[in-house]
Amino acid sequence: MTAEITIAIKRLPNGEGLPLPAYATAGAAGMDIVAAEALTLEPGARHAVATGFAIAIPEGYEVQVRPRSGLALKNGITCLNTPGTIDSDYRGEVKVILANLSVEGFAIERGMRIAQLVPAPVQRARLDEVDALDDTDRGAGGFGSTGR
Ligand SMILES: O=c1ccn([C@H]2C[C@H](O)[C@@H](COP(=O)(O)OP(=O)(O)OP(=O)(O)O)O2)c(=O)[nH]1
Ligand SMILES: [Mg+2]
């Protein structure tokens, strides 16, 4: 059993009767979250899907909203902004920005598991503005500069 953090969760009126996010298996990295609304996502469309809950993440952590591979592979449904970032100071409803990359419409049902939440520690940084950066072998080479 790895260390756990505690995240406060508040069920919103539109989340009444829905399961809260939960791990599907003992070793799951993500808690599955369900849709709090029903809609059909047309090909190429996107929608911020309601989840019916809000959370308060401890300072020093974020929660990532990640797609489910089954929906991606079978239906072309993904999180457009993956991984979505839930800030520790956000108190609004968690939403899942789903996009349909397939050529068929996809029906999202209320209660359907649409994404997963993965908490992660956050490393913040202070910027130190300088006139010159140190030299490296790579230098400014990037974007395929080392070949295929
Ligand atoms: O998949 C997501 C991504 C974000 N959010 C919420 C929580 C997050 O804390 C807030 C802001 O997200 P982000 O910083 O990614 O978006 P932004 O476009 O930079 O908005 P803002 O100006 O509000 O920071 O929106 C979600 O509910 N789901
Ligand atoms: Mg932001």
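Throughout, read-outs are computed from the coordinates displayed, never taken from laboratory work. Values in this document were obtained by computation on a predicted structure and should not be read as measured data. Don't worry about glycine lacking a Cβ; one is built from the backbone with ideal geometry, like all the others, and counts go over all protein chains shown.
Summary of values
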read-out: Alpha-carbon Rg with Dmax, taken over the chain, Å; value: 19.0, 58
read-out: For peptides 133-139, 28-34, 13-19, sequence by mean Cβ density within 10 Å, most packed first; value: 28-34, 13-19, 133-139
read-out: Using distinct alpha-carbon pairs, which all enter the 1/r mean, Kirkwood radius of segment 29-69 in Å; value: 12.8 Å
read-out: Most mobile of Gly105, Gly27, Gly76 in a GNM of the chain (Cα contacts under 10 Å); value: Gly27
read-out: Distance in nm between pseudo-label sites at Asn14 and Ala125 (7 Å out along the Cβ direction from Cα); value: 3.6 nm
read-out: FRET E, pair Ala48, Ala3, Förster distance 41 Å, beta-carbon r, rounded to 0.05; value: 0.80
read-out: Local electrostatic count, Ala107, Cβ distance below 15 Å [Lys/Arg +1, Asp/Glu -1]; value: -1
